[in-house]
2 protein chains.
Amino acid sequence: MGVDLEASVSAFLEDVASERPTPGGGSVAALAGAMAAGLTSMVCRLTLGKKGYEEVQEEMERLLGESESLRERLQELVGEDAAAYDEVVKAFRSDRSTPEAKEARTQAIQQAMMGAAQVPLETGERCRDLLSVVKLVSERGNVNALSDVGVAAHLSIAGFHSARLNVEVNLASIKDEAFVDRVREELEKVEWEAMQAHADVLLALEMRH
Amino acid sequence: MGVDLEASVSAFLEDVASERPTPGGGSVAALAGAMAAGLTSMVCRLTLGKKGYEEVQEEMERLLGESESLRERLQELVGEDAAAYDEVVKAFRSDRSTPEAKEARTQAIQQAMMGAAQVPLETGERCRDLLSVVKLVSERGNVNALSDVGVAAHLSIAGFHSARLNVEVNLASIKDEAFVDRVREELEKVEWEAMQAHADVLLALEMRH
């Protein structure tokens, strides 16, 4: 299966719509984040070299670098999410003809599910990182591109919420309580930071309107 | 310019990130809606023919049809949004060497801006339509795919909010007050319906968890 970002946008959408479970919600969450990062980069570029924004040039260069790194990572996570899910399916299909095989299968399933929780957790973290870049761009970027900044904010927070659903659905089947607690704690922290930054962006858009 | 959905996903993201203003926030809003529609179709397909869902087969067929129509329309709106923006740029660049040309240019700009407001208005309307499909799927679709339904809901509402920002940025420059009032009224109605359906989906996910 897997996800090929060199395939066309319409082929990707057909793949999402098909009855194959991958690419599914986790991949789409990462792609929403990647689109938000793309818009953020665009607004940085529309601020660089523009009259009236001389004082923020260095900062915009730095923010553009961060936004492009996040876009690259989020694009990778589109495929990694599908791959992690496929590992879970593979583990479920493994041999269970003997008690030893059964035990190994159970362990493989648990291992694969932890992987399938960690990928969307990182997607959520990167959407949170992106929102902190979007916040600065909303405060100092080209005022003519504020609607694009707003779209970046809406898509990043949707990417976070979507990633969170995908973490939680996997956590529900994981028996390692310490792992589950650690992931839940991180998720709550990231959610708070992401929602705070999202609210800050909406405020900046209102103020600079 | 324009947007080619037959180009690769990574080329599309590069285009978004470039300093060219199209594809921008309006196109990305429509694509977020199209991805949400794709996930909705996937969940309908994962419900069709499945044991325990015999009673909802006919309804799922109907919902799949609606979701696929909305996906098709939202995919078209990705390109239409960029084209409408390009018309605004073209109108701004038109001749203004005589008083008559100046007057014609002003009218062409106003006309193009109305077009550039109407496209994201439709994107918002289609995201609202999609949310009403997602709501029914969240209540009766395959319970194993509820996280995908949730992602569809988060991306559709983000698509709506994003589209709204793009309508508003154009309305700000339109002088035809009757047009502006009409669009604002429609936008408020659509927003209420979209947010209501989004809340209903989250409730259904909670109840069927």
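For the range A:87-109, which residues satisfy the criterion of being touching a Lys or Arg at 6+ places or on another chain (Cβ under 6 Å) and surrounded by 16 or more Cβ atoms within 10 Å (Cβ to Cβ)? Give the derivation first.
Applying the first criterion (touching a Lys or Arg at 6+ places or on another chain (Cβ under 6 Å)) to the range A:87-109 yields A:94, A:96, A:102, A:105.
Passing the criteria: only A:R105.
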All positions within the range A:1-37 that are within 30 Å of A:S138 (Cβ to Cβ) and free of Cβ contacts under 8 Å to residues at least 24 places away in the same chain:
A:V9, A:F12, A:L13, A:V16
Please tell me if B:S138 is within 12 Å of B:L70 (Cα to Cα), hydroxyl-bearing (S, T, Y) and either under 17 Å from the mean Cα position of the chain (by Cα) or part of a helix (DSSP H, G or I) (or both).
no
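For the condition within 11 Å of another protein chain (Cβ to nearest Cβ), of a type in the set (A, V, I, L, M, F, W, C) and within 20 Å of A:H154 (Cβ to Cβ), what is the one hit in A:L74, A:L64? Before the answer, list the steps.
Details: A:L64 fails: within 20 Å of A:H154 (Cβ to Cβ).
Testing whether each residue is within 11 Å of another protein chain (Cβ to nearest Cβ), of a type in the set (A, V, I, L, M, F, W, C) and within 20 Å of A:H154 (Cβ to Cβ) leaves just A:L74.
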Quick check on the range B:32-60: of everything there that is open to solvent by 10 Å² or more (accessible area, probe 1.4 Å) and assigned to a helix (DSSP H, G or I), which residue is farthest from the other protein chains (Cβ to nearest Cβ)?
B:E55
Kindly establish whether B:G150 is under 27 Å from B:P23 (Cβ atoms), crowded, with 24+ Cβ neighbours inside 10 Å and touching a residue at least 12 places away in the same chain (Cβ under 8 Å).
yes
Residues to consider are B:D200, B:D176; find the one that is touching a Lys or Arg at 6+ places or on another chain (Cβ under 7 Å), touching a residue at least 60 places away in the same chain (Cβ under 8 Å) and not β-branched (V, I, T).
B:D200
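Could you list, in sequence order, the residues of the range A:179-197 that are touching a residue at least 24 places away in the same chain (Cβ under 8 Å) and more than 13 Å from A:E125 (Cβ to Cβ)?
Residues satisfying the conditions are A:F179, A:M195.
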Residue within the range B:91-107 that is within 24 Å of B:L5 (Cβ to Cβ) and in a helix (DSSP H, G or I) present:
no
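Suppose we filter A:V201, A:V183, A:V190, A:V167 for residues that are in contact with an Asp or Glu (Cβ under 7 Å, 6 or more places away or on another chain) and either open to solvent by less than 20 Å² (accessible area, probe 1.4 Å) or of a type in the set (G, A, S) (or both); which single one remains?
Working: A:V201 fails: in contact with an Asp or Glu (Cβ under 7 Å, 6 or more places away or on another chain); A:V183 fails: in contact with an Asp or Glu (Cβ under 7 Å, 6 or more places away or on another chain); A:V167 fails: in contact with an Asp or Glu (Cβ under 7 Å, 6 or more places away or on another chain).
A:V190 is the lone residue from the list that is in contact with an Asp or Glu (Cβ under 7 Å, 6 or more places away or on another chain) and either open to solvent by less than 20 Å² (accessible area, probe 1.4 Å) or of a type in the set (G, A, S) (or both).
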Mind counting the residues in the range A:136-173 that are hydroxyl-bearing (S, T, Y) and either more than 8 Å from chain B (Cβ to nearest Cβ) or on the phi > 0 side of the Ramachandran plot (or both)?
3
Test B:A178 against the stated conditions and say whether it is in a helix (DSSP H, G or I) and open to solvent by 50 Å² or more (accessible area, probe 1.4 Å).
yes
The conditions are (1) in contact with a Leu (Cβ under 6 Å, 6 or more places away or on another chain); (2) polar (S, T, N, Q); (3) part of a loop (DSSP other than H, G, I, E, B), and B:T123 fails exactly one of them. Which is it?
(3)
For the range A:66-86, give me each residue that is over 9 Å from the mean Cα position of the chain (by Cα), free of Cβ contacts under 8 Å to residues at least 60 places away in the same chain and open to solvent by less than 40 Å² (accessible area, probe 1.4 Å).
A:R71, A:A84
For the range A:1-20: of the residues being of a type outside the set (A, V, I, L, M) and more than 7 Å from chain B (Cβ to nearest Cβ), which is least open to solvent (accessible area, probe 1.4 Å)?
A:G2
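The values are calculated or read from the model by the stated rules, or taken from the named source; none is laboratory data. Just so it is clear, the structure is predicted and the values come from calculations on it, not from any experiment. With ideal geometry, Cβ positions are generated from the backbone for all residues, glycine too; neighbour counts draw on all protein chains shown. With ligands, DNA and RNA removed, areas are computed over all heavy atoms of the protein, side chains included. Shrake-Rupley method; radii C 1.70, N 1.55, O 1.52, S 1.80 Å.
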